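Engineer: Sharing a structure with you now.
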Amino acid sequence: MTLLYLVRHGRAAAGWDASMDPGLDRIGRAQATELAARLADLGPLPIVASPYRRCQETAAPLARRWRQRVTTEAAMGEIPSPPGVAMDRRTDWLRVAMRGTWADLGTRYAQYRDEVVAFVAGLTEPTVVVSHFVAINAVIGAATADDRVVIRSLDNTSVTVVDVGRDEVRVVEGGHEADTLIR
């Protein structure tokens with residue numbers, strides 16, 4: 001079995017309805033620095049991050065501390081909004097999607113979930129993976145056989161620890177939860 005540390009990115013500078021790829025705001029940058037201090041004794045370990053700026057910027061202080069490079073992995077990216085949904089309507093869609101199940105969302109989103117889980121399940125050495133709220137919940141769902149899109153309301157820079165092995169994902173420790181603001 002392989003321990004993985006799934007980190008939700010720090011607080012973004014803009015909401016889902018304002019920017020496709022915001023970086024971190026001042027609080028998010030402080031969260032990333034604090035995360036690096038919190039995880040320092042675990043490594044150095046490989047670091048993988050979603051290609052989105054908020055994840056790359058969250059991973060950067062830890063990578064500097066460990067003198068590691070961050071590997072970018074598209075499979076750990078944000079859940080895509082439906083084609084044709086205007087930027088200012090994306091948050092409304094996400095709020096509805098997060099109250100449902102993967103089955104409710106259909107094939108496109110089940111495929112997204114399956115790609116996230118397959119990537120994580122394929123890691124063979126302890127790794128820090130910086131990703132997104134929904135992606136981490138997809139892994140938790142796979143581990144617990146729960147089809148809900150959101151199982152835990154993960155806080156920014158929370159760390160969910162999972163154990164992966166041959167055809168198995170198990171939650172070791174759930175990340176810190178908070179009243180997550182979807183904006």
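Engineer: What do you reckon, is Val164 farther than 20 Å from Ala14 by Cβ, in contact with a Ser or Thr (Cβ under 9 Å, 6 or more places away or on another chain) and surrounded by 16 or more Cβ atoms within 10 Å (Cβ to Cβ)?
Structural biologist: So Val164 passes the test.
Engineer: Regarding Ala13, is this residue modelled with pLDDT of 95 or more and either surrounded by fewer than 19 Cβ atoms within 10 Å (Cβ to Cβ) or out of contact with any Cys (no Cβ under 9 Å at 6 or more places or on another chain) (or both)?
Structural biologist: When the stated conditions are applied, Ala13 does not pass them.
Engineer: Between a first residue in region 13-25 that is in contact (Cβ under 8 Å) with a residue 60 or more places away in the chain and a second residue that is in a loop (DSSP other than H, G, I, E, B) and open to solvent by 30 Å² or more (accessible area, probe 1.4 Å), which pairs have beta carbons less than 6 Å apart while being 6 or more apart in sequence or on different chains?
Structural biologist: Hits for this filter: Gly15/Arg183.
Engineer: Within the bounds of region 147-162, is there any residue that is touching a strand residue (DSSP E or B) at 6+ places or on another chain (Cβ under 6 Å), part of a loop (DSSP other than H, G, I, E, B) and over 22 Å from Cys55 (Cβ atoms)?
Structural biologist: Scanning region 147-162, I find at least one residue that is touching a strand residue (DSSP E or B) at 6+ places or on another chain (Cβ under 6 Å), part of a loop (DSSP other than H, G, I, E, B) and over 22 Å from Cys55 (Cβ atoms), so the answer is yes.
Engineer: If Arg8 passes every condition in (1) of a type in the set (D, E, K, R); (2) closer than 20 Å to Ser153 by Cα; (3) open to solvent by 30 Å² or more (accessible area, probe 1.4 Å) but one, which one does it miss?
Structural biologist: With (1) of a type in the set (D, E, K, R); (2) closer than 20 Å to Ser153 by Cα; (3) open to solvent by 30 Å² or more (accessible area, probe 1.4 Å) applied to Arg8, the lone miss is (3).
The values are calculated or read from the model by the stated rules, or taken from the named source; none is laboratory data. Since the model is a prediction, treat every value here as computed from it, not as a measurement. Note: ideal-geometry Cβ built from the backbone for every residue, glycine included; neighbour counts use all protein chains shown. The accessibility values were calculated without ligands, DNA or RNA, using every heavy atom of the protein model including side chains. Shrake-Rupley method; radii C 1.70, N 1.55, O 1.52, S 1.80 Å.
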